[in-house]
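J.: Below you will find the structure I want to go over with you.
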Amino acid sequence: MSVQIYKGTIVTSETIDTLEVYEDAYLTVEDGVIRSIGDNIPDTYKDLPVTDYGRSLLIPAFSDLHIHAPQYHERGVGMDCLLFDWLNTYTFPEEARFADTDYARTAYAQVIRDLLRHGTLHANFFTTIHYDASDLFFRMLQKSGLYAFAGKLNMDMNSPDYLVEETEQAIADTERFVAEHPGDDHVKPILVPRFAPTCSEKLLKGLGRIAESYHVGVHTHLVESRAEAAWAAELFPQYGSDGAIYEGCGLLGHGPAIMAHVIFPTEVEERILEKYDVVSVHCPDATTNITAGIMPVRRMQKQGFRIAAGSDIGGGHHTGVYTQAARAVQLSKLKEFYEPENERLAFANAFYMATAEGGSVFGKAGRLAPGYRFDALVIDSMENEGKELTPLERLERFCYIGDDRNIRERFVDGRRIDPEEVYRKMLGC
Ligand SMILES: [Zn+2]
């Protein structure tokens, strides 16, 4: 049995509204799982060495539930475009490059390294339509230490002719991908139709059959913007709404359902979110960059819907999902300013999205509590010389102005992870 003992100030979500703080506490980890947190070390471990992190904070690892891995090289570029210009000018040509697996290896190795640097230790990815690059990415993830969902992207219509699948082939390739990548404790396959307007009903129904046969979940965009939702409803009049398309094609109820954006849910979408325990993903930078609107996060949280956080790279430009916790508070204040019936988020509500809610998709993760995996970060105190901050102020400041240089340690399953070492391993895949 392997046991580690850490001392420091621990901050973790207790509920969606409250953060729990343990100052100068001891945290014991047994075989990668947290055994105790408190003022004392359990008697059985009294003689073991203690790693003391001083005024640094021990916090749960972050979870990014919506990231387009192949868009990593285009983040922060073309941000003054509207969505369809941005897709056609930057995104689709960049994704086309993933036909070349050498290019994919280099790009994907950097994505994985940088997520680890920024403390994202659980992630849910989009890839591209290319089988070989998606297969490579899945194998890289399995060697990275990350907890992840990934699959092969699907799109067979309303897409550029250099980046579109033939329907029957798309279904066959996706079934093969799922069959050949059953995954393991850390990395699991997921179905990834880009969004309804780029997928035919035949393709979506084919994916629905794969979901049912292989018990896999789905990751896509849902009511991302008013224009997208209206286009989807026009293309699929037999279903009438974005959410009803995925439900009608049989994609829901076979595994996790993770839906990015969900900015304008109708009653139909709300019924679907509840029925299938959907995790909606708030991506504040991206919804600003593509002028999609502001998700009614606090209202949806209060209705009991599950909402996690996502970087949505490259629609979003920040790698660290902790920045999205801060941005979620900012956007909620703007929403409250323009629409006073929408209550703003407290910082605790936003931190919960980026850790506890997102982490819950990956097993006992996203919190620091007995029985949870020790998937955690050690971050700097973020204090200026001569002025002390409370633990909650230190955490909030990290999310607002911190970066990867303020993250001193990263742990997955209780084991230390070195992003540079993982990067070298990735390049050898
Ligand atoms: Zn997206």
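Here is a yes/no grid of residues against (1) surrounded by fewer than 16 Cβ atoms within 10 Å (Cβ to Cβ); (2) under 18 Å from the mean Cα position of the chain (by Cα):
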| residue | (1), (2) |
| --- | --- |
| F347 | no, no |
| E357 | no, yes |
| A365 | no, yes |
| A369 | no, no |
| D375 | no, yes |
| F398 | no, no |
| R408 | yes, no |
| E421 | yes, no |
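J.: Which count do you get for residues in region 1-29 that are part of a strand (DSSP E or B) and free of Cβ contacts under 8 Å to residues at least 40 places away in the same chain? Break it down stepwise before answering.
T.: Residues of region 1-29 that are part of a strand (DSSP E or B), as a first pass: 3-13, 19-29.
Now drop any that are not free of Cβ contacts under 8 Å to residues at least 40 places away in the same chain, which leaves 20, 22, 24-26, 28.
The total comes to 6.
J.: Additional query: Only residues in region 256-275 that are on the phi > 0 side of the Ramachandran plot count as the first member; pair them with residues that are hydroxyl-bearing (S, T, Y) and away from the ligand (no atom under 12 Å from the Cβ), Cβ under 6 angstrom, at least 6 apart or cross-chain, and list the lot.
T.: Listed by first residue and then by second, the contacts come to V262/S280.
J.: Would you mention how many residues in region 219-251 are in contact with a strand residue (DSSP E or B) (Cβ under 8 Å, 6 or more places away or on another chain) and either outside the structural domain of T291 (by TED's automatic domain parsing) or not hydroxyl-bearing (S, T, Y) (or both)?
T.: Step one: of region 219-251, the residues in contact with a strand residue (DSSP E or B) (Cβ under 8 Å, 6 or more places away or on another chain) are 219-225, 228, 242-243, 246, 251.
Now restrict to residues that are either outside the structural domain of T291 (by TED's automatic domain parsing) or not hydroxyl-bearing (S, T, Y) (or both): 219, 221-224, 228, 242-243, 251.
Count: 9.
J.: Right, next: Given (1) under 19 Å from A69 (Cβ atoms); (2) touching a residue at least 60 places away in the same chain (Cβ under 8 Å), identify the lone condition not met by L251.
T.: (1)
J.: Now a separate question. Kindly establish whether Y352 is away from the ligand (no atom under 16 Å from the Cβ), at pLDDT 95 or above, within 13 Å of S63 (Cα to Cα) and not assigned by TED's automatic domain parsing to the domain that holds L395.
T.: Details: away from the ligand (no atom under 16 Å from the Cβ): yes; at pLDDT 95 or above: yes; within 13 Å of S63 (Cα to Cα): yes; not assigned by TED's automatic domain parsing to the domain that holds L395: yes.
So Y352 passes the test.
J.: For the subset of region 92-126 comprising residues that are of a type in the set (S, T, N, Q) and crowded, with 24+ Cβ neighbours inside 10 Å, which member is nearest to P189 (Cα to Cα)? Can you show your working first?
T.: Step one: of region 92-126, the residues of a type in the set (S, T, N, Q) are 101, 106, 110, 120, 124.
The next check asks that each one be crowded, with 24+ Cβ neighbours inside 10 Å; those that pass are 120, 124.
Working: T120: 19, N124: 10 Å.
Checking each candidate, the answer is N124.
J.: What are the residue pairs meeting all of these: first residue in region 136-162, first residue in the same structural domain as Y214 (by TED's automatic domain parsing) and within 29 Å of F62 (Cβ to Cβ), second residue modelled with pLDDT under 95 and outside any helix (DSSP H, G or I), Cβ atoms under 7 Å, and 6 or more apart or on different chains?
T.: Within 7 Å, the pairs are L136/C429; R139/C429; M140/C429; K143/C429.
J.: Something else now. β-branched (V, I, T), away from the ligand (no atom under 16 Å from the Cβ) and surrounded by fewer than 24 Cβ atoms within 10 Å (Cβ to Cβ) - does that describe any residue in region 232-250?
T.: Of all residues in region 232-250, those β-branched (V, I, T) come to 245.
From what is left, the residues that are away from the ligand (no atom under 16 Å from the Cβ) are 245.
Narrowing further to those that are surrounded by fewer than 24 Cβ atoms within 10 Å (Cβ to Cβ): none.
So far as region 232-250 goes, no, none of its residues is β-branched (V, I, T), away from the ligand (no atom under 16 Å from the Cβ) and surrounded by fewer than 24 Cβ atoms within 10 Å (Cβ to Cβ).
J.: Given the conditions (1) modelled with pLDDT under 95; (2) surrounded by fewer than 19 Cβ atoms within 10 Å (Cβ to Cβ), which single one is not true for T89?
T.: Failed condition: (1).
J.: For Y53, which of the numbered conditions (1) aromatic (F, W, Y); (2) crowded, with 17+ Cβ neighbours inside 10 Å; (3) within 30 Å of N154 (Cα to Cα) fails to hold?
T.: Here Y53 clears every test but (3).
Residues checked against (1) assigned to a helix (DSSP H, G or I); (2) in contact (Cβ under 8 Å) with a residue 12 or more places away in the chain; (3) within 16 Å of the ligand (Cβ to nearest atom):
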site	(1), (2), (3)
A308	no, yes, yes
G320	no, yes, no
E336	yes, no, no
L377	no, yes, no
L389	no, no, no
Y400	yes, yes, no
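J.: Continuing with the same structure: Regarding region 254-276, can at least one residue be identified that is part of a helix (DSSP H, G or I), within 16 Å of the ligand (Cβ to nearest atom) and not β-branched (V, I, T)? If you could, list the steps in order and put the result at the bottom.
T.: Step one: list which residues in region 254-276 are part of a helix (DSSP H, G or I), which gives 267-275.
Still in the running and within 16 Å of the ligand (Cβ to nearest atom): none.
No, there is no match, as no residue in region 254-276 is part of a helix (DSSP H, G or I), within 16 Å of the ligand (Cβ to nearest atom) and not β-branched (V, I, T).
J.: While we're looking at this one, here's another question. Only one of (1) within 16 Å of the ligand (Cβ to nearest atom); (2) of a type outside the set (D, E); (3) closer than 25 Å to M259 by Cβ fails for G119. Which number is that?
T.: Exception for G119: condition (1).
The values are calculated or read from the model by the stated rules, or taken from the named source; none is laboratory data. Everything numeric here is computed off the predicted structure, so don't read it as measured data. Glycine gets a Cβ as well: all are built from the backbone with ideal geometry, and neighbour counts include every protein chain shown.
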